[in-house]
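Chemist: Sending over a structure as structure tokens; questions will come in a sec.
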Amino acid sequence: MSACRAPRRPVPRRRTTLPVMFAALAALSLTACGTGDKPKSGGGTQFVQGTGGVSVVKDRADRQSAPGLDGKTLDGKQLDIAEDYKGKIIVLNVWGSWCSPCRAEAKNLVKVSKAYQDKGVQFVGINSRDPNPAPALRFEKEYEVPYPSLHDSSGKLLLRFPKGSLNPQALPSTLFIDRDGKIAARALKALTEDELRKTLEPLVAEK
């Protein structure tokens, strides 16, 4: 005969603080190694879906400012993108060492970053969801990545992007920020070398 058990008392649920809730929502909204939702033109963002899945804001007056992005890089150095690379075009790639599409595009990013370094273009990475920087550092060594990456394992930097903007919503994501610090284009997929160049050329030509 089994022993009688006293009825279990309901365990009071702990309240989740807002910061934890937002962080959890951000983790859910950032699709791991996916293409994300296809953005639509119109609304307040004024961007259009270009060929190859790259969304572009052609009119400079309609572009939204990129948020301040600063912190420690994977190798422990301090980096403030807006201050350290002021006046440059920024190609911001969000990636993870565990992400297969991120590996597929790595060689393209490296090649184009070297080709455009004398044209006022600076590539920067945001390493996401790698709690330990060691795998990410091995990734950089394997692909000979010449540019820095901010270490953002919790996704806090990604939360700084305003809602409705061309914000990163998938891994990999690549944002193109113009010389005025405004978001000019975004891709929610791994990019080819040709796609990188086609998106960069109009920005380089802007005066």
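Chemist: Tally time: how many residues in the stretch 95-147 are charged (D, E, K, R) and either at positive phi or under 16 Å from the mean Cα position of the chain (by Cα) (or both)?
Modeler: Matching residues across the stretch 95-147 total 5.
Chemist: Ok, one more. List the number of the failed condition for Tyr85; all other conditions in (1) under 21 Å from Ala187 (Cα atoms); (2) out of contact with any Gly (no Cβ under 6 Å at 6 or more places or on another chain) hold.
Modeler: Unmet condition: (1).
Chemist: Outside any helix (DSSP H, G or I) and open to solvent by less than 40 Å² (accessible area, probe 1.4 Å), is that true of Leu203?
Modeler: No, not satisfied.
Chemist: Consider only pairs whose beta carbons are under 7 Å apart and that are at least six residues apart or on different chains; among these, list those whose first residue lies in the stretch 146-159 and is under 15 Å from Ala66 (Cβ atoms) and whose second residue is modelled with pLDDT of 95 or more and in a loop (DSSP other than H, G, I, E, B).
Modeler: Pairs that qualify, where the first residue is under 15 Å from Ala66 (Cβ atoms) and the partner is modelled with pLDDT of 95 or more and in a loop (DSSP other than H, G, I, E, B), are Leu150/Leu69; Leu150/Leu157; Leu157/Leu69.
Chemist: Still on this structure: Say we look at the stretch 161-181 and pick out the residues that are open to solvent by 10 Å² or more (accessible area, probe 1.4 Å) and touching a helix residue (DSSP H, G or I) at 6+ places or on another chain (Cβ under 7 Å); which of these is modelled with the highest pLDDT?
Modeler: Gly181
Chemist: Given (1) in contact with a Lys or Arg (Cβ under 9 Å, 6 or more places away or on another chain); (2) open to solvent by less than 40 Å² (accessible area, probe 1.4 Å), identify the lone condition not met by Pro146.
Modeler: (2)
Chemist: Now a separate question. Any residue in the stretch 127-145 that's under 16 Å from Pro101 (Cβ atoms) and assigned to a helix (DSSP H, G or I): show its pairings with residues that are open to solvent by less than 40 Å² (accessible area, probe 1.4 Å) and among the acidic types (Asp, Glu) at Cβ separation under 8 Å, as long as the two are six or more apart or on different chains.
Modeler: That search, which allows pairs on different chains as well, returns Ala136/Asp130.
Chemist: Pairs needed: first member in the stretch 66-79, of a type in the set (Ser, Thr, Tyr); second member anywhere, open to solvent by less than 30 Å² (accessible area, probe 1.4 Å) and part of a strand (DSSP E or B); C-beta distance under 7 Å; at least 6 residues apart or different chains.
Modeler: Qualifying pairs under 7 Å: Thr73/Leu79; Thr73/Ser149; Thr73/Leu150.
Chemist: Of everything in the stretch 66-91, what is surrounded by fewer than 19 Cβ atoms within 10 Å (Cβ to Cβ) and within 15 Å of the chain's Cα centre (by Cα)? Give them in sequence order.
Modeler: Pro67, Gly68, Asp70, Gly71, Thr73
The values are calculated or read from the model by the stated rules, or taken from the named source; none is laboratory data. Quick caveat: nothing in here was measured; it's all calculated off a predicted structure. Backbone-built Cβ (ideal geometry, glycine too); neighbour counts: all protein chains shown. Surface areas here come from the heavy atoms of the whole protein model, side chains and all, with no ligands, DNA or RNA. Shrake-Rupley method; radii C 1.70, N 1.55, O 1.52, S 1.80 Å.
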